[in-house]
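Here is the structure we will look at, set down as structure tokens.
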Amino acid sequence: MNLARVLSPAALLLVLCAALAPAGLLAQFVSILDTKHNLSVTGPGPVKALLEEEVCIFCHTPHFAAGVPLWNRADSRAQYLPYESSTLRASPGQPTGASKLCLSCHDGTIALGAVGSRSQEIPFVGGVRFMPPGSGYLGTDLRDDHPISFLYDSNLAASHPGIRDPASIQKPAALDANGELQCTSCHEPHSNQYGAFLVGPNAFSAVCTACHLPPGWPMASHGTSQSVWNGNPPDPWPNTEWTTVAENACLSCHRPHSANGMLRLLGHAVEEDNCFPCHNGNVAQLNLETVFQRPFRHPIAQTTGVHDPVEDPRSMARHVECADCHDPHAANSAAASAPNAPGALAGVSGVDSEGRPVPNATFTYEVCYKCHADTATGAAVVPRLIVQMNTRLEFDPGNPSFHPVEAPGRNQDVPSLMPPLTTASVISCTDCHDSESSRRLGRSGPAGPHGSLYRPMLAGNYSTEDFTFESSLAYELCYRCHSRTSILDDRSFKKHKQHVQAGRIPCSACHDSHGVNAGQGTPSGNTHLINFDARLVAPDPRSGRLQFEDLGQFRGRCYLVCHGKNHDPKEY
């Protein structure tokens, strides 16, 4: 090829200078010939000039330039819609600096052949004039593109824990001379050595993490996992050269340009569609997508575009998405003992035992309280004598009785507890609310309250209907912690067998599995999780009372009618 004919005089000078420069610098100048930015007749891409042989002319001119860097194009007069997000701390406005230059082609408002050094527009193959649709076309609506042209200083970094201080931005990414982030912070327009005209290789999201470092990312599974795609369609990876989760990193979920999910630049507008391409068993070991098809599940498909990372759980619109319970930038595989939150819940916000929002949940129940406490709605699975939908109030350690989620229970006489559980033990919400196929139960499915065959999203069957035949399956959930033998031997209550087996009365007829709030129950009437099922139990007709009285260790008295039998009272 005759470079003197192909290049403009200015470009030829650059190439001659580069011949005396290090090899890396030479590649930067010369490799433009083999990229889509070579719009001359020799260009390799489909968008190129019909006859024009000069390469650099489409951006640069050695004389009478419009400005630095020897610019040969007019600025677009378009008004842009800049990126916006509730989590954005920067203030991007109209594009400036190098970004404005890039957009003179990529916004599609100025003809590609309209250059200052030609009196006539340079014609293109096929009559193309403007940037055609495709990955290079950004348009003037930049809300689906990474924010540009904003001041990136130490104050910004201090206000956002997920970005680096400008002094520690990792090269080759860089801010411009004014300290602003521009297109050229990530893109080198003269070289496509690393693909997408990036300033450096982006395996393991090295270009992204040059500026972005979300809390928890160094230990996060999405940044460290060596899991690979098993080849079953669809292909989840944006780059065929990268084979592991760690190599794809940020780009597994995010698209820096023309993102389908504008807010936070997600690859898919429907939130869970960003998770399932990997969490369908084709990359992640276990298939979560099928668990969310269970009859009782967290309804993640019910809403789209409602979740906001900075939402206040006390006032947010009711919804649930994967990101309500999992922070993809921090979630990891670390185990934890109840009630501490495991690594899968790392970095997630919550509500504490006092009803106060917390930015990072310490305990599993704090994540659950965001939806199942003060803002809970709907009807109870079992209608109770004392009605309470707020699980935070039900698990309060000040209650007459409660399952030991926040603290060890009150009752020190529980002979049915199976080892390793003791009366000093604390359990997690997910000990009961889990998939019936969970690997925590020794089975093969994913753990966690994603979906279950059993209402309300339980790890085992828990029959609440009257006249249930007692069996290890009927009360599978209870018998995971409480010995069936002990219960039917009447070791804690001498009429257990008569009620549950002979009378076919369900456990739930008397016991409220969460607890009874102190503001509604009494220390003598609601110990031992006693809170009657209002469908099955009625007041004693003689006294008009519907009540249990605790008379001390393994002793009590009931006033009620059940299965037509008056307890007026019955004492045990």
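The values are calculated or read from the model by the stated rules, or taken from the named source; none is laboratory data. Just so we're clear, the structure is a prediction, and the values are computed from it rather than from any experiment. Every residue, glycine among them, receives a Cβ derived from its backbone with ideal geometry; neighbour counts consider all protein chains shown.
Please state which one of 277, 299 is out of contact with any Gly (no Cβ under 6 Å at 6 or more places or on another chain) and within 16 Å of residue 372 (Cβ to Cβ). Give the derivation first.
Details: 277 fails: within 16 Å of residue 372 (Cβ to Cβ).
After ruling out the rest, the residue left standing is 299.
Taking the stated definitions as given, is residue 328 under 14 Å from the mean Cα position of the chain (by Cα), of a type outside the set (Ser, Thr, Tyr), assigned to a loop (DSSP other than H, G, I, E, B) and surrounded by 14 or more Cβ atoms within 10 Å (Cβ to Cβ)? Criteria met by residue 328.
Inspection of the stretch 246-257 finds a residue satisfying the criterion of being at pLDDT 95 or above, under 26 Å from the mean Cα position of the chain (by Cα) and over 25 Å from residue 138 (Cα atoms).
Whenever a residue of the stretch 216-239 is charged (D, E, K, R), its partners that are assigned to a loop (DSSP other than H, G, I, E, B), lying with C-beta atoms within less than 7 angstrom and at least six residues away or across chains, give the pairs 235/229.
For the stretch 261-305, taking the residues that are within 21 Å of residue 447 (Cα to Cα) and among the aliphatic types (A, V, I, L, M), the one that is surrounded by the fewest Cβ atoms within 10 Å (Cβ to Cβ) is identified as 301. Taken together, 336, 380, 344, 361 contain a single residue that is surrounded by 21 or more Cβ atoms within 10 Å (Cβ to Cβ) and in a loop (DSSP other than H, G, I, E, B), which is 361.
Per-residue answers, yes or no, for (1) touching a residue at least 40 places away in the same chain (Cβ under 8 Å); (2) among the small types (Gly, Ala, Ser); (3) surrounded by 16 or more Cβ atoms within 10 Å (Cβ to Cβ):
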| position | (1), (2), (3) |
| --- | --- |
| 435 | yes, yes, yes |
| 448 | yes, yes, yes |
| 455 | yes, no, no |
| 478 | no, no, yes |
| 481 | yes, no, yes |
| 495 | yes, no, no |
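Against the condition at positive phi and of a type in the set (A, V, I, L, M, F, W, C), how does residue 529 come out, does it pass? Against the criterion (at positive phi and of a type in the set (A, V, I, L, M, F, W, C)), residue 529 qualifies.
Can you name every residue in the stretch 506-533 that is within 18 Å of residue 475 (Cβ to Cβ) and in a loop (DSSP other than H, G, I, E, B)?
506, 510, 512, 513, 514, 531, 532
Listed here are the residues, each with its yes/no results for (1) within 17 Å of residue 135 (Cα to Cα); (2) within 17 Å of the chain's Cα centre (by Cα).
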position: 205; (1), (2): no, no
position: 226; (1), (2): no, no
position: 232; (1), (2): no, no
position: 238; (1), (2): yes, no
position: 273; (1), (2): no, yes
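From the list 567, 514, 563, the one residue that fits, being more than 46 Å from the chain's Cα centre (by Cα) and in contact (Cβ under 8 Å) with a residue 40 or more places away in the chain, is 563. Filtering the stretch 470-504 to residues that are over 42 Å from the mean Cα position of the chain (by Cα), assigned to a loop (DSSP other than H, G, I, E, B) and either within 20 Å of residue 535 (Cβ to Cβ) or not hydroxyl-bearing (Ser, Thr, Tyr) (or both) leaves 489, 490, 491, 493, 494, 495, 503, 504. Among the residues of the stretch 465-476, those identified as surrounded by 17 or more Cβ atoms within 10 Å (Cβ to Cβ) and over 23 Å from residue 425 (Cβ atoms) are 468, 470, 474.
For the stretch 383-405, filtered to residues that are among the aliphatic types (A, V, I, L, M) and in a loop (DSSP other than H, G, I, E, B), the residue that is surrounded by the most Cβ atoms within 10 Å (Cβ to Cβ) is 405.
If you check residue 76 against the conditions, is it at pLDDT below 95 and touching a helix residue (DSSP H, G or I) at 6+ places or on another chain (Cβ under 6 Å)? In short, yes.
A quick yes/no check of all residues on (1) in contact with a strand residue (DSSP E or B) (Cβ under 6 Å, 6 or more places away or on another chain); (2) among the small types (Gly, Ala, Ser); (3) modelled with pLDDT of 95 or more:
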residue: 156; (1), (2), (3): no, no, yes
residue: 160; (1), (2), (3): no, no, no
residue: 195; (1), (2), (3): no, yes, no
residue: 201; (1), (2), (3): no, no, yes
residue: 204; (1), (2), (3): no, no, yes
residue: 209; (1), (2), (3): no, no, yes
residue: 222; (1), (2), (3): no, no, yes
